[in-house]
Structure formats: structure tokens, C-alpha cells
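Just so it is clear, none of the values below were taken in a lab; they were calculated from the coordinates. Note that the structure is a prediction, hence the values are computed from the model and not measured. FYI the Cβ positions are ideal-geometry reconstructions off the backbone, even for glycines, and counts take in every protein chain you see.
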Amino acid sequence: MKTWSITRRIFLTCILFVAIFFPAIIFSMQNSYERSLTLAKKEELSTTAFAMISEFEFEDGEVVMPSRLFVEDLNLPGSDLVATIKWRKQQVWQSQSSIDNDINANMFNLLFRQTEKHLPGETIFLSDFNEENTHFALSKKAEFLIDGNFEEVSFLVINNKNTYQRELSTFINRLWGWIVVLSLILLGLIALSLRSVFMPMQNIIARIGEIEEGKIDQINDNYPLELQPLQKSINKLLDSEKQQRERYKKSLDDLAHSIKTPLSIILGQADLSDDIKEPVLHIDNIVKRQLKRATINVVGFLPSIDVAPLTKSLLDAMTKIHQQKALSLTLEMPESASLSIDPTDYMEILGNLLDNACKAAKSTVNVTYKRQATSTLVCVEDNGKGMSELVISAITERGRRLDTYSEGQGLGLALVVDMLESYGGELHIQSEQNKGSRFCMQLPHQRFSNSVK
């Protein structure tokens, strides 16, 4: 499962917040603006109705309206605003704007039926009075003295929503545009802020890398107050680790001296029988091996080292040690080859593998270096008589003594495996009888060894 960085998590959270919060703001503002436009339209139509009432006259049994009305849109044929007057359920007047207009008598009849039961003086505004929801409508009833009686007269106004929809669409488009721009600016500022906030942490990581490479031994930069406890803890851990390693090595030296001295005295006895000398020598070998195992399990950061010079030095030494066999020792390793391992441990591991290979080889020993994605392989290959599958299985079996096999393949392998495991590495063995064997030490690209076992 892929692990996301804290910066990416925070940034994606901000994007999610913007994606939810800003549309909610747009929806709220759109509704508010739409209500404001609708209220303004109601006021506009009410003003139109009152203007018609003020201009309404009744003479000789007929409705009289001026040839040119106060509301200019009612005088323009085909405009979005049309008005009519109904008296005694009959249409007695219609504005000039009804000419060449889709607002027809059927729509006014529908409006009249919806509002005819309302009392005089009431103003009825309908924002969706027809099924298509394409028009606003307003009905205003007033009473006039006609032939000595007060009679109801309905003033009906219908307005097409085209202008209203254009204004609303323009507002929404502009609002979205500004929101998108503000979102991008906000996310940009958040990205810059995150970079600024995490820069000290990245600096600490860089300093830890320099400690791993052996360039510095403390983190001494100035950091924000929130990170200073972390800085102090890391420095304290480094000091403690260094002191612990020194104490550990000193204790091991003292232990080795205290054990070796009595053993040397015993072995120095001239009259020591073989029955006693053999187990004492065995104890001496066990002490050496266990002390060596203890020294490799040390906690601490390890710098990368150049292993090419060390490897060449070992090959030169093996050439001299096994000069009687006249072996051909070859090396396939770049000058920049590196490993995160203690130099002494590397010499011990590769020295064991080379010594075994030289003892087993007929004529050639080849050392190769290969850097992979997460680990590095250093392989030693010989053209000896090889080993059977049974022997290989036994060698790779955990808990089995690895130093009890015949000369050339088993010597020192227990120590090699222990040392590689302390670095999180492995020993891989490939062999084919009568063709030779291949021993590969595989070490991960890590900067620190395992803890004390």
C-alpha cells in the first residue's frame, strides 16, 4: 500500500475542503441573489400595476387608458412586459406590448383563474404560475365607483423571465470564475505555506543523512521552537549511542582479556594432555567466535564506504596466500562502488568468502558487484567441484552449524551469516557439481545496523 507524505495529505485535504466549501458558498450566494432578483421583480411588477391603477379611468361605461403609459415597456410591441385589465371577468384593455408577443390571452386567463378569489387591495405575485416556469405574474385588485356601485377591477401583469435568467446566469458565471481564481490562489498560498512549514523538517532529514554519511556528528542548526525538542532528542540519542558503543567495546576488550589469559595459561602447560588440550582449544575458538559476533551487533548510524579499494586489497592478499595454486582472481566492480557497512566487517565477510573460494577453486575466482533497486550484491564465484543440493540445503538451514563442512565451502560461514544478519542482509548460495559455486552477500540500502541482540 502506497504511503502518502504529510504534505500531500494536507494539500489533498485542503483541495477536498475547497471542493466542498466553495460550491456550498456558490449555492448559498446563488440562492440569495436569486431571491433578491425575484423580490426586485415583484417590486417592479407592483410598481407597474400601481401605475396602471393611477392611470385607469371609466367614462360612459367604457375603460379609458392613456395612449402612452407611464411604464415604457408596456408601450413597446413584443417587449417582455405585457399587461391587461379585466372587469366583470372580461378583458377590457390590453397594453400595446401584447402585439407580436408570446404572452397571449390564454396566459392571462390562467392568471385570472388563479387569483380571482383574492380580495380587493391584495397583491398576488407568482414566480412560477405556469408549468413551463418561464414567466413572472402579478395580479392586483382594486375597487372603483362605477354607476354608483363599487366594482372590482383586476390589473394583471405578466413578465417574461428572459432578462431575469440572463442576469442570473451572468452572476453565476462571474461568481464561478472568481471562486475558481480564488481557489487557485488559496491552494497556491497553502502549497507555499506547507513548503515553508515543512522546510525545517526537511532540513533535519538532510542533517540526519549527513550524519549517516559521517560528515557531521550533531545537528546544530537553529530550528523553530516546536522542533527544538526533537533536535535535542536526536542529539542526545546520538551521544548516548556513541557512549554506549564505546562502553560496549571496552567491556568486550576487558572480557576478552580476562578470558584469554586463563586459557593461555592452561594451554601453556607443557604436560597438558591431548584429552585436556583439545576441549580447551575448542573453548578458545568458541570464545573468539562469540566475541566477534557480539562486536558486530552494535547500534549506530553507518556511513557509506567505498568498497572497491578494500576488495582489491583482499584480492591481492588472497593472491599471495594461495600463490601455489596460481589462481586467476578477477574483479568486476566500479570505482564508485559503495556499501553501508563497517569496513572491518566488510573485510571479514568478503575475506571469508574469498578464502573459501580460493581453497575450492580449480583455476579462477571472480568477484562481482551489482547495485539493485533496494539492495546491493557482492558475489564471489569459483570454478571448483561445487556442492550437492543436500549440502546447500543444510548450509542455508537456520540453526545448523555452518562451519562443519569440508574445506573450501563451510569455513567461517556461520560468522558470515551472523554478520550479514546484523545489517539486515542475507547470504545466497548457488552451486553446481563439477562446475563451481557462487556465494552472494546481499545488503539493503540502509544506513544503520540492527540493535544489540
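Size of the dipole of the stretch 6-166 about the Cα centre, Lys and Arg at +1 and Asp and Glu at -1 on the beta carbon, nothing else charged, in debye to 20? Numbers along the way, then the final one.
On the way: 15 positive and 22 negative charges, 253 e Å.
Charge dipole of the stretch 6-166: 1220 debye, to the nearest 20.
The Cα center of the stretch 197-236 and the Cα center of the stretch 328-379 differ in position by 35 Å. For Met65, neighbours were defined as the other residues whose beta-carbon sits under 9 Å from its Cβ, and their charges (Lys and Arg +1, Asp and Glu -1) total -2.
Quick check on the stretch 6-166: what are the equivalent-ellipsoid semi-axes from the Cα gyration tensor, as sqrt(5λ), descending, whole Å? Write down the numbers at each step before the final one.
On the way: eigenvalues 386, 49, 33 Å².
Ellipsoid half-lengths, sorted descending, are 44, 16, 13 Å.
Residues Met318, Met199, Met52, ranked from the fewest to the most other C-beta atoms within 10 Å, line up as Met199, Met318, Met52. Taking the number of other C-beta atoms within 10 Å as the exposure measure, put Leu184, Leu138, Leu230, Leu420 in order starting with the fewest. Least crowded to most crowded, the residues run Leu184, Leu230, Leu420, Leu138. For the chain, the Cys residues with no second cysteine's beta carbon closer than 4.7 Å are Cys14, Cys358. Sorted into 10 angstrom bins from 0, the C-alpha pair distances of the stretch 99-194 split as 13, 28, 20, 14, 11, 8, 4, 1, 0 percent. What the pair-distance distribution of the stretch 300-390 shows, using all Cα-Cα distances binned every 10 Å from zero, is 16, 48, 28, 8, 0 percent. The charge dipole of the stretch 59-144, taken about its Cα centre with unit charges on the Cβ atoms of Lys, Arg (+1), Asp and Glu (-1) only, comes to about 360 debye.
Helix 343-360 and the longest principal axis of the C-alpha atoms of the chain enclose an angle of approximately 60°. Starting at 0 and stepping by 20 Å, how many percent of the alpha carbon pairs of the chain end up in each bin? Over the chain, the share of Cα pairs per 20 Å bin runs 17, 26, 15, 11, 14, 13, 4, 0 percent. Against the chain, whose longest principal axis comes from its Cα atoms, helix 162-212 is set at around 20 degrees.
With respect to the cross-link table entries Lys215/Lys370; Lys312/Lys435; Lys260/Lys320; Lys42/Lys161, which display a Cα-Cα separation exceeding 22 Å? Too far apart for the 22 Å limit: Lys215/Lys370; Lys312/Lys435; Lys260/Lys320. How far is helix 413-422 tilted off the main Cα axis of the chain, in degrees rounded to 10, range 0 to 90? The angle comes out at about 30 degrees. Rounded to the nearest 20 debye, the dipole size of the chain about its Cα centre is 2360 debye, using +1 on the Cβ of Lys and Arg and -1 on the Cβ of Asp and Glu.
Starting from 0.36 nm per residue, how many nanometres of slack lie between Arg371 and Ile259 once their C-alpha separation is accounted for? Intermediate values should be presented prior to the final figure.
Working: separation 112, 0.36 × 112 = 40.32 nm, distance 4.18 nm.
Net length gain for the segment: 36.1 nm.
Projecting the Cα positions of Phe150, Asn162, Ser127 onto the charge dipole of the stretch 125-168 (unit charges on Cβ atoms of Lys, Arg, Asp and Glu, taken about the Cα centre) puts Asn162 furthest along the positive direction.
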